[in-house]
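K.L.:
Take this structure first; my questions come after.
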Amino acid sequence: MATLLQTPRPGADADPAAPARTLRVRRHRRGDSAEGWDRYTAPVGPRTTVLDALTWVRAHLDASLNLRHSCLHASCGTCGMRVNGRDVLACVTRLEDLPPGEVSVEPLRNQPLVSDLVVDIESLYESLDGVRLPLVRTSEGAPGSTPAEGVGHLTRFEDCVECGLCVSACPIVASDPEYAGPAVLGAAWRLVAEPRDRDPEPAYALVDGEQGAWRCHLAFECNEVCPTDALPAEEIARLRGILLRHRVVRWLQRHARPEEVQP
Amino acid sequence: MTPQTGRSAGPGVPRGDLPHRAGATGWFDTRHRHLGDWAFVVNRLSGLGLVAYLYLHLVILSQLARGPEAWGGFLAIATSPPVLLFDVLLLAGLLAHAFNGIRVTLLGLGLVASRQKALWVALMGMAVLIALAGASRILGVTS
């Protein structure tokens, strides 16, 4: 793929004299045998995010650039990508917070690539649906928040926005596609910690195996990249503690009443 | 199973066709990584080093079967400065792996997960102190 150096068209929403940043964007189109990089220069202001710049590029320079976003405020988890080698949500990553120079933008890793900056996150959704974690946390309210006048109470949703950054950062998912991964295991921990009328046993069955919580090798990178402080690595560690106690109790039960384990 | 929320990329949205994984070589790519990943990398490198040393150790011990002269020859090599430096490296790798093992065990039991960085720093601090003390003995700085 040819590497292009493109500049903003004068008069296209941008002041040519305004500050600009160059984005080096990983490109892959369906059917291409190789990936490549394209460079785009976009106008920036003090609050311009990487997503702002990319959507500007798409609108004014290259409509073929594929990316995905929705809410623009870190709630939907759809604009995950790797910026300067870090897994981030592009909608809350400001260009002014990045070091001077070119900004590299790549798709998330460890998930099948669809095109350019879009990865196929369907398998993550399917796995999370397998855990069936309720969306609302009932054991606590929204910490530090006071309901506005006329609002009865605030609903505390679960932290994970299912963005897949943790899956991209995990070195074990990188080498083992069968591993359940941090998002799914973190969700399983939440269900075990707070079942909310759900049966947690299917979650135990999912995570207490070779490709479950025991496959995690404690690099804690999922914690580092999590944009909502869901902290899956800590949850996996706690899940292991629970699974261990579960196993010990089951072993003791079997040996206390051996007749029950006869085939 | 019926999806809980019916989430989907949407009808007609193509599924990804490139695996796009870093693979096992990505384990050692520490760019933009953090302390927990360094613990992960140190554990792997020290583990591989110790496995390699195990085989070297067996080869060395086999010199005993070849008689006193062979063993004496090995001892002369074993006390040479390059080999003593190798011993210091071996001790450091052993300590790093052992103390990292304490971290892995505690986290594996679901303990101190929220303090894993402080735990690793403390354990590596102890490993470094013991390695320095051992190095000074091995290299003859202290008797």
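K.L.:
Say the dipole of region B:41-143 comes from +1 at the beta carbon of Lys and Arg and -1 at that of Asp and Glu; which of B:M124, B:L58, B:L48 then lies farthest toward its positive end?
P.N.:
B:M124
K.L.:
Taking θ as phi - 60°, what are the ³J(HN,Hα) couplings along region B:90-102 by the Karplus curve (6.51, -1.76, 1.60), each to the nearest whole Hz, with x for Gly and Pro?
P.N.:
4, 4, 4, x, 5, 5, 4, 5, 5, 6, 5, x, 5
K.L.:
What is the sum of charges around A:P100, taking Lys and Arg as +1, Asp and Glu as -1, for the other residues whose C-beta is under 15 Å from the C-beta of A:P100?
P.N.:
The answer is 0.
K.L.:
Pick from A:R82, A:R156, A:R29 the residue whose mean-square fluctuation is largest in a GNM of chain A, springs joining Cα atoms under 10 Å.
P.N.:
A:R156
K.L.:
Which value, in debye to the nearest 20, gives the size of the charge dipole of region B:35-138 about its Cα centre, when Lys and Arg are +1 and Asp and Glu are -1 at the Cβ?
P.N.:
It works out to roughly 280 debye.
K.L.:
Counting alpha carbon pairs within less than 8 Å and at least 6 residues apart, what relative contact order, in whole percent, applies to chain A?
P.N.:
Working: 432 pairs, mean separation 37.6, N = 263.
Reported as a whole number, the value is 14 percent.
K.L.:
Please list the non-local residues whose amide H lies under 5 Å from the amide H of A:S104, H modeled 1.01 Å from N, same-chain partners needing a gap of 5 or more.
P.N.:
For A:S104, whose amide H was placed from the backbone, the distant partners under 5 Å are A:R24, A:N84.
K.L.:
Now for a separate question. In whole Hz, what ³J(HN,Hα) sequence does region A:32-41 give by Karplus (6.51, -1.76, 1.60; θ = phi - 60°), x for Gly and Pro?
P.N.:
So the J values, rounded to whole Hz, are 5, 7, 9, 9, x, 10, 10, 10, 9, 10.
K.L.:
Shifting gears a bit: Suppose every Lys and Arg Cβ carries +1 and every Asp and Glu Cβ carries -1, with no other charges. What dipole size does the protein assembly as shown come out with about its Cα centre, to the nearest 20 debye?
P.N.:
Values: 40 positive and 42 negative charges, 130 e Å.
Result for the protein assembly as shown is approximately 620 debye, rounded to the nearest 20.
K.L.:
Taking loop as defined by DSSP and a crowding limit of 15 other beta carbons within 10 Å, which trypsin sites (Lys or Arg not before Pro) in region B:19-71 fit?
P.N.:
The qualifying sites are B:R31.
K.L.:
Still on this model: So which GluC sites (Glu not before Pro) in region A:108-161 pass both tests, a DSSP loop state and at most 11 other Cβ atoms within 10 Å of the Cβ?
P.N.:
Sites meeting the loop and neighbour criteria: A:E140, A:E149.
K.L.:
Report the one residue of B:G26, B:I77, A:V248 whose Cα lies farthest in the direction of the positive end of the charge dipole of the protein assembly as shown (charges on C-beta: Lys and Arg +1, Asp and Glu -1; origin at the Cα centre).
P.N.:
About the Cα centre, the residue reaching furthest to the positive side is B:I77.
K.L.:
Would you grab the residues whose amide H sits under 5 Å from the one on A:N66? Only those 5+ places off in sequence or on another chain, please, with H modelled 1.01 Å from N.
P.N.:
A:L117
K.L.:
For region A:122-261, calculate the relative contact order in percent as a whole number, restricting contacts to Cα pairs under 8 Å that are 6 or more residues apart.
P.N.:
Relative contact order comes out at 24 percent.
K.L.:
Per residue of B:21-32, how many C-beta atoms from partner chains lie within 10 Å of its own C-beta, taken as a mean?
P.N.:
Mean shielding count: 5.
K.L.:
Per-residue mean of other chain beta-carbon atoms within 10 angstrom of the beta-carbon, peptide A:163-174?
P.N.:
Average neighbour count from other chains, rounded to a whole number: 3.
K.L.:
Ok, one more. What relative contact order, as a whole-number percentage, does region A:5-119 give when Cα pairs under 8 Å and 6 or more residues apart are counted?
P.N.:
29
K.L.:
Using +1 at the Cβ of each Lys and Arg and -1 at the Cβ of each Asp and Glu in region A:5-119, identify which of A:A20, A:C91, A:P112 lies farthest towards the dipole's positive end.
P.N.:
So the residue furthest toward the plus end is A:P112.
K.L.:
Can you list residues from other chains, or at least 5 along the same chain, whose modelled amide H is less than 5 Å from the amide H of A:A20?
P.N.:
Residues meeting the amide H criterion: A:V44.
K.L.:
Heavy atoms of the protein only, probe of 1.4 Å, neighbouring chains included. What is the accessible area of B:H32 in Å², nearest 10?
P.N.:
Rounded to the nearest 10, that gives 80 Å².
K.L.:
Still on this structure, I have one more. What are the GluC sites (Glu not before Pro) within region A:175-263 that DSSP puts in a loop, where the Cβ has at most 10 other Cβ atoms within 10 Å?
P.N.:
Counting only loop positions with at most 10 other Cβ atoms within 10 Å, the GluC sites (Glu not before Pro) in region A:175-263 are A:E178, A:E210.
K.L.:
Let me ask something else. With θ set to phi - 60° and the Karplus curve 6.51 cos²θ - 1.76 cosθ + 1.60, what are the ³J(HN,Hα) couplings of region A:194-200 in order, to the nearest whole Hz, using x for Gly and Pro?
P.N.:
Karplus values, whole Hz, x for Gly and Pro: 9, x, 6, 6, 8, 7, x.
The values are calculated or read from the model by the stated rules, or taken from the named source; none is laboratory data. None of these values were measured; they are calculated from a predicted model. Cβ: placed from backbone, ideal geometry, glycine included. Neighbour counts: every protein chain shown. Accessible surface is based on the protein model in full, side chains and every heavy atom, while ligands, DNA and RNA are left aside. Shrake-Rupley method; radii C 1.70, N 1.55, O 1.52, S 1.80 Å.
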